[in-house]
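Trainee: Below: one structure in structure tokens.
We did not get these values from a lab; they are worked out from the coordinates using the rules stated. Bear in mind that the values here come from a model prediction, so they are computed numbers and not experimental data. Ideal geometry is used to build each Cβ from the backbone, glycine not excepted, and the neighbour counts take in all protein chains shown.
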Amino acid sequence: MIIQLQTGLPQDKKERIIEKVNALKYKTTEVNTQKGDYIIGIGKSEFDIREIGQIPGISDIHIVSDDYKLVSRKWKVNPTSIDLGDGVVISEGDMAIMAGPCSIESEEQINKTIEHLKANDVRIMRGGVYKPRSSPYSFRGLGIEGLKQWYKAAREAGIKIITEVMQVSQIEEMYDYIDVYQVGARNTQNFNLLDELGRVDKPVLIKRGISGTIDELLYSAEYVFSAGNENLMLCERGIRTYERASRNTMDINAIPILKEKTHLPVIADPSHGIGIRDYVEPVALACIMAGADGVIYETHEKPNEAFSDGQQTLNFRDSEKLIAKIRKVFELRESL
Ligand code: PEP
Ligand code: MN
């Protein structure tokens with residue numbers, strides 16, 4: 001069960017509620033987020049919801065049958081919106097576009113990308129400064145100094161930054177220079193990282209694990225939410241299957257399933273989803289028709305010279321075409 005508490009409820013009143021819930025053989029966890037205070041009760045016994053609902057100090061109570069609670073749409077029917085400020089909002093009924101290189105490489109590359117995004121009215125730039133690479137000998141990112149450079153240019157241009165955080169110690173280091181923390185597919189179940197991201201007040205996008213199920217992704221989001229951060233988005237980025245014709249298999253099924261299961265925005269990453277430049281566009285458009293609230297993809301002035309993931313990266317001309325089609329297909333979807 002999810003018990004939403006009245007704001008500023010004194011501790012003794014909270015304890016009274018907890019005692020009552022424990023008496024029903026429900027284990028309780030207190031959750032305090034930027035938006036509210038909750039008590040989560042986990043148990044099996046049947047009880048009359050009015051018994052709890054009548055206790056003073058409770059503003060709402062819901063029985064949620066899913067194992068994840070706070071991220072479930074069974075509790076929160078209204079979709080969550082992520083407000084990045086300056087009119088940049090990620091929400092259901094809108095189409096967020098996040099584009100940029102796989103890796104941040106140089107000041108020149110940052111500026112060229114920003115110019116491209118601005119010309120196409122894209123307000124969120126992606127890029128990695130800490131790169132999880134399969135081989136330790138591959139380019140592993142420019143680190144915090146690269147991020148600072150990027151931040152300076154992005155702020156001047158009114159562009160928001162999403163970048164991957166790989167470990168707990170980077171959360172604070174990056175905090176002043178980012179707008180969204182990205183949890184990469186290799187870290188989806190790094191529960192220490194998720195817990196710590198629950199303690200910050202900036203939005204988090206969690207990618208689906210390479211071999212992770214939809215439910216596991218939802219549990220990962222539940223970690224962040226229950227540690228205190230409600231500003232969350234989920235991202236389908238393809239999973240590993242037996243298929244070898246593409247880098248990953250974009251699980252388009254996950255999009256409508258997630259949209260039904262959770263109130264969090266669902267973003268599609270067709271670049272990692274298929275891993276082949278020529279097919280990024282059709283996959284992106286299919287994800288929009290499947291209900292995605294946004295698309296995140298890789299673009300670079302010269303994809304063949306990119307330090308990482310060049311094979312799935314669009315040049316600016318193709319990126320421009322994709323942006324126009326994303327908007328058209330989104331309009332079409334909304335008009336159906
Ligand atoms: C990326 O966004 O460049 C990335 C490494 O993605 P993923 O974690 O999905 O592999
Ligand atoms: Mn990449």
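Trainee: For helix 214-226, what angle does its Cα long axis make with the longest principal axis of the chain, in degrees from 0 to 90 and rounded to 10?
Mentor: Tilt relative to the chain: about 70 degrees.
Trainee: Let me ask something else about it. Under 20 Å between alpha carbons, and skipping anything fewer than 8 positions from Lys112 in its own chain: which lysines qualify?
Mentor: Lys148, Lys152, Lys160, Lys302, Lys321
Trainee: Further question: Near the amide H of Leu5, under 5 Å away, which other amide H atoms are found, from residues 5 or more places off or on another chain, if H is placed in the peptide plane?
Mentor: Placed amide hydrogens put Asp37, Tyr38, Ile39, Ser59 under 5 Å from Leu5.
Trainee: Moving on. In deg cm²/dmol, rounded to 500, what helix-only [θ] at 222 nm does the chain give when every DSSP H run of at least 4 residues adds -39500 (n - 2.57) and the total is split over its residues?
Mentor: -11000 deg cm²/dmol
Trainee: Still on this structure, I have one more. Let me understand the chain better: what is its radius of gyration from the alpha carbons, and its Dmax, in angstrom?
Mentor: Rg, Dmax (Cα atoms, Å): 20.8, 65.
Trainee: Mind ranking 306-319, 73-86, 280-293 by how tightly packed they are, going by the mean number of other C-beta atoms within 10 angstrom, highest first?
Mentor: Taking the mean over residues of other Cβ atoms within 10 Å, the ranking is 280-293, 306-319, 73-86.
Trainee: Can I ask one more? Would you mind telling me which residue in Asp60, Asp278, Asp12 has the biggest mean-square fluctuation in a Gaussian network model of the chain, where springs connect alpha carbons within a distance under 10 angstrom?
Mentor: Of the options given, Asp12 has the highest mean-square fluctuation.
Trainee: Now for a separate question. Which entries in Lys202/Lys325; Lys76/Lys202; Lys14/Lys35 show an alpha-carbon gap greater than 19 Å?
Mentor: Pairs exceeding 19 Å: Lys202/Lys325; Lys76/Lys202.
Trainee: Based on the Kirkwood radius over alpha-carbon pairs, what is the Stokes-Einstein translational diffusion coefficient of region 2-62 at 37 °C with 0.692 mPa s viscosity, in µm²/s?
Mentor: Answer, rounded: 285 µm²/s.
Trainee: Once you list every other residue whose beta carbon is under 13 Å from the beta carbon of Ala290, what net charge do they have if Lys and Arg are +1 and Asp and Glu are -1?
Mentor: Overall, the nearby charge balance is -2.
Trainee: Could you give the distance between the Cα centres of region 90-127 and region 138-172, to the whole Å?
Mentor: Spelled out, the Cα-based centre of one part sits 13 Å from the other.
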